[in-house]
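Enquirer: Pasting in a structure now, in structure tokens, and then I'll have a few things to ask.
The values are calculated or read from the model by the stated rules, or taken from the named source; none is laboratory data. Bear in mind the structure is a predicted one, so any value in this text is a computation, not a measurement. So basically every Cβ, Gly included, is an ideal-geometry build from the backbone, and we count neighbours across all protein chains shown. Note: areas computed on protein heavy atoms with side chains; ligands, DNA, RNA excluded. Shrake-Rupley method; radii C 1.70, N 1.55, O 1.52, S 1.80 Å.
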Amino acid sequence: SLQDQFDNLEKHTQWGIDVLEKYIKFVKERTEIELSYAKQLRNLSKKYQPKKNSKEEEEYRYTSTRAFLATLNEMNDYAGQHEVISENMTSLITGELTRYVQELKQERKSHFHDGRKAQQHIETCWKQLEASKRRFERDCKEADRAQQYFEKMDADINVTKADVEKARQQAQLRHQMAEDSKAEYSSTLQKFNSEQHEHYYTHIPNIFQKIQEMEERRIVRIGESMKTFAEVDRQVIPIIGKCLDEITKAAESVDHKNDSQMVIEAFKSGFEPPGDIEFEDFTQPMKRTVSESSLSNSRGDGKSEPKFGGKSKGKLWPFIKKNKLMSLLTSPHQPPPPPPASASPSAVPNGPQSPKQQKEPLSHRFNEFMTSKPKIHCFRSLKRGGAGPEDFSNLPPEQRRKKLQQKVDELNKDIQKELEQRDALTKMKDVYIKNPQMGDAASVDHRLSELAQNMEKLRLEVQKFEGWLAEVEGRLPARNEQPRRQSGMYEPQNPSAVNSCAQDRESPDGSYTEEQSQETEMKVPATDFDDEFDDEEPLPTIGTCKALYTFEGQNEGTISVAEGEMLYVIEEDKGDGWTRIRRNEDEEGYVPTSYVEVYLDKNAK
């Protein structure tokens, strides 16, 4: 029936709307995935970006790391394209289809409302026709009964004439009513037939046609949305391709030669290679003069050169680490152990005792020196750890030159900033003088004086660092010349450097030597390595101490003591928990302050 068709269409159109809403949900979830992917890509790019003012930022000088940084930046742009996909899908598909679904639901509701209204109208017309038909049928039956009654009364001789006339009039009335009902029924029937024809051939087909057009528009719309879905992706492909092209371009810009040269420039020390080692002829019976290039000197074999001369041959000091002895003159870097719970020696398991610094030939210690960890020590000032010296004298010459140049550049930038501030304040002061209502000119004077003092300090700093820089550049050979092999060390260029502390220096092959300008007063006796520092005056004693516990020094620079032993104090605790003591002329070192009771001499300087 027609009602069944309406029910089928209603179910089908509702299913079409459900499909549309399902597609909208699908696109919405796709946009969420694109946003999440873009966010993860951005976080990934941010995670591997170099931190500002850190060592990582310096590493991005090389072409390979710069290419990686370009890749990270392009990945950030790549993530932006996925955000564009999400935005376009949201606006062009999800938003548009959501509005269309609302319109579609209203249109569907209107069409089915018209269909139900037409169905109700034809049903009403049918009911009117049925009522008119039943009334016509009833009136006909009433007219037949009235006619039969009139004929019966007319045939009966006992009925008065008045009664017969009354029956005749009643029969005529019923007959007239039947005729009227007939006419009404005929009219209603014609009207119903016309309405029914209009209903089945005009109204219902029109409604079905509108529902069909609505459904076709829905199908076309979902197809267009699917096409848009692909076009949104296709639109960003050129930009994504450019991102990938930039990554490829960055990868092709990697220059291994350039990176290698930068490493060379970064770690170039500026040291000259050692000279040739002289041949020592042991077949001659004559007394040999010991060369400074010899690694071991026998006792009594002769005297060495009085100083580290600039003409000495075959000198190997650039490759020998001398800080094994000097570790005795500085406090250990690790914190001291806590005092034992018991005063007995067994309560302090300090491990193996540190070797005592007895005099041994240099040849017996060479292997140990070559494997010891290099440290920076100052023979004159005996500084306790801390940061490097202000003049970067702990660095190789080339590295020192770079650091000093960098410091000079930084100071010049600071001076330029101070000049700009001074110029701005001067202009402000002029404005205040010309227009007193804008401010007090005297309020600027204090700041101007501060700037003048700061600039003067910075200029002095620049002069100081430029002096050091000139000193280093005077020592270094021209960088465009081939390095010359020299048998001796550099001659000092600055007389003030003669008395400066001797620092360990790193040579290009990773071993250590000393700054040549600071070695001119260091003597090398021919017999004992320890006697090289005989020109150092021993520190005076400042008091005595008593060992409260037994301490077995197992680290470099420490000395072992026995419980109850009395020793001399030559340097008190500087806050690091270690006290420097001396047992005799040859044995001195550090012990934990908590292990000894110190009695300082009040008259000691």
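Enquirer: Would you call C140 open to solvent by less than 60 Å² (accessible area, probe 1.4 Å), among the hydrophobic types (A, V, I, L, M, F, W, C), farther than 30 Å from I211 by Cα and in the same structural domain as L9 (by the TED database)? Spell out the reasoning first.
Expert: Values: open to solvent by less than 60 Å² (accessible area, probe 1.4 Å): yes; among the hydrophobic types (A, V, I, L, M, F, W, C): yes; farther than 30 Å from I211 by Cα: yes; in the same structural domain as L9 (by the TED database): yes.
When the stated conditions are applied, C140 passes them.
Enquirer: State whether the residues of region 44-54 include one that is part of a helix (DSSP H, G or I) and open to solvent by 90 Å² or more (accessible area, probe 1.4 Å). Please lay out each step first, then the result.
Expert: Looking only at region 44-54, we keep the residues that are part of a helix (DSSP H, G or I), and these are 44-47.
Of the ones still in play, those that are also open to solvent by 90 Å² or more (accessible area, probe 1.4 Å) are 46-47.
Checked against the condition, which is being part of a helix (DSSP H, G or I) and open to solvent by 90 Å² or more (accessible area, probe 1.4 Å), region 44-54 yields at least one hit.
Enquirer: Looking for something buried (at least 16 other Cβ atoms within 10 Å of the Cβ) and over 51 Å from the mean Cα position of the chain (by Cα) - is there at least one such residue anywhere in region 575-586? Spell out the reasoning first.
Expert: To start, the set of residues in region 575-586 that are buried (at least 16 other Cβ atoms within 10 Å of the Cβ) comprises 576-583.
Checking the rest, the ones that are also over 51 Å from the mean Cα position of the chain (by Cα) come to 582-583.
Checked region 575-586: at least one residue is buried (at least 16 other Cβ atoms within 10 Å of the Cβ) and over 51 Å from the mean Cα position of the chain (by Cα).
One line per residue, one yes/no per condition, for (1) without any contact (Cβ under 8 Å) to a residue 60 or more places away in the chain; (2) of a type outside the set (K, R); (3) within 30 Å of Y48 (Cα to Cα):
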| position | (1), (2), (3) |
| --- | --- |
| E83 | yes, yes, yes |
| T90 | no, yes, no |
| R135 | yes, no, no |
| E142 | yes, yes, no |
| D156 | yes, yes, no |
| A167 | yes, yes, no |
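Enquirer: Out of the residues in region 147-186 that are in contact with a helix residue (DSSP H, G or I) (Cβ under 8 Å, 6 or more places away or on another chain) and small (G, A, S), state the one that is farthest from C125 (Cα to Cα).
Expert: A167
Enquirer: List, please: which pairs have Cβ atoms under 8 Å, are six or more places apart or on different chains, and start with a residue in region 194-220 that is touching a residue at least 12 places away in the same chain (Cβ under 8 Å) and end with one that is among the hydroxyl-bearing types (S, T, Y)?
Expert: Close Cβ pairs satisfying both conditions: I211/T13; M214/T13; E215/T13.
Enquirer: Let me ask something else about it. Test of understanding: among V431, V444, V472, which residue is in contact with a Lys or Arg (Cβ under 9 Å, 6 or more places away or on another chain) and over 30 Å from E272 (Cβ atoms)? Spell out how you get there, then give the answer.
Expert: Details: V431 fails: in contact with a Lys or Arg (Cβ under 9 Å, 6 or more places away or on another chain); V472 fails: over 30 Å from E272 (Cβ atoms).
On inspection, the qualifying residue turns out to be V444.
Enquirer: Then there's this: So, of the residues in region 407-433 that are of a type outside the set (A, V, I, L, M) and closer than 17 Å to Q463 by Cβ, which turns out to be least open to solvent (accessible area, probe 1.4 Å)? Working first, answer last.
Expert: Initial filter on region 407-433 (of a type outside the set (A, V, I, L, M)): 407, 409-410, 412-414, 416-418, 420-423, 426-427, 429-430, 432.
So of that shortlist, the ones also closer than 17 Å to Q463 by Cβ come out as 407, 409-410, 412-414, 416, 418.
Numbers: K407: 68, D409: 70, E410: 83, N412: 68, K413: 137, D414: 63, Q416: 94, E418: 32 Å².
Step by step, filter region 407-433, then rank; the result is E418.
Enquirer: Something else about it: Taking the criterion of being more than 30 Å from T188 (Cα to Cα), assigned by the TED database to the domain that holds I237 and assigned to a helix (DSSP H, G or I), would at least one residue in region 118-125 satisfy it? Spell out the reasoning first.
Expert: Step one: filter region 118-125 for residues more than 30 Å from T188 (Cα to Cα), giving none.
Checked region 118-125: no residue is more than 30 Å from T188 (Cα to Cα), assigned by the TED database to the domain that holds I237 and assigned to a helix (DSSP H, G or I).
Enquirer: Next question, about the same structure. Among the numbered criteria (1) closer than 25 Å to K402 by Cβ; (2) of a type in the set (D, E); (3) at pLDDT 75 or above; (4) exposed (fewer than 14 other Cβ atoms within 10 Å of the Cβ), which one does E456 miss?
Expert: Failing condition for E456: (1).
Enquirer: Considering only residues that are open to solvent by less than 40 Å² (accessible area, probe 1.4 Å) and modelled with pLDDT of 90 or more, look in region 594-605 and name the one that is farthest from P338 (Cα to Cα). Break it down into steps so the answer makes sense when it comes.
Expert: If we filter region 594-605 for residues that are open to solvent by less than 40 Å² (accessible area, probe 1.4 Å), which is where we start, we get 595-596, 604.
The next check asks that each one be modelled with pLDDT of 90 or more; those that pass are 595-596.
Values: Y595: 8, V596: 12 Å.
Step by step, filter region 594-605, then rank; the result is V596.
Enquirer: Among (1) touching a helix residue (DSSP H, G or I) at 6+ places or on another chain (Cβ under 8 Å); (2) open to solvent by less than 80 Å² (accessible area, probe 1.4 Å); (3) part of a helix (DSSP H, G or I), where does S194 come up short?
Expert: That leaves (1) as the condition not met.
Enquirer: Moving on to the next point. Please tell me if Y62 is of a type in the set (S, T, Y) and in contact with a Cys (Cβ under 6 Å, 6 or more places away or on another chain). Working first, answer last.
Expert: Working: of a type in the set (S, T, Y): yes; in contact with a Cys (Cβ under 6 Å, 6 or more places away or on another chain): no.
Against the criterion (of a type in the set (S, T, Y) and in contact with a Cys (Cβ under 6 Å, 6 or more places away or on another chain)), Y62 does not qualify.
Enquirer: Still on this model: Kindly evaluate F6 against the criterion of being modelled with pLDDT of 95 or more and either surrounded by 13 or more Cβ atoms within 10 Å (Cβ to Cβ) or assigned by the TED database to the domain that holds I219 (or both).
Expert: Numbers: modelled with pLDDT of 95 or more: no; either surrounded by 13 or more Cβ atoms within 10 Å (Cβ to Cβ) or assigned by the TED database to the domain that holds I219 (or both): yes.
Criteria not met by F6.
Enquirer: I've got another one for you. Which of the numbered conditions does V159 fail, given that it passes all the others? Conditions: (1) modelled with pLDDT of 90 or more; (2) over 30 Å from N193 (Cβ atoms); (3) open to solvent by less than 90 Å² (accessible area, probe 1.4 Å).
Expert: Result: V159 fails condition (1) only.
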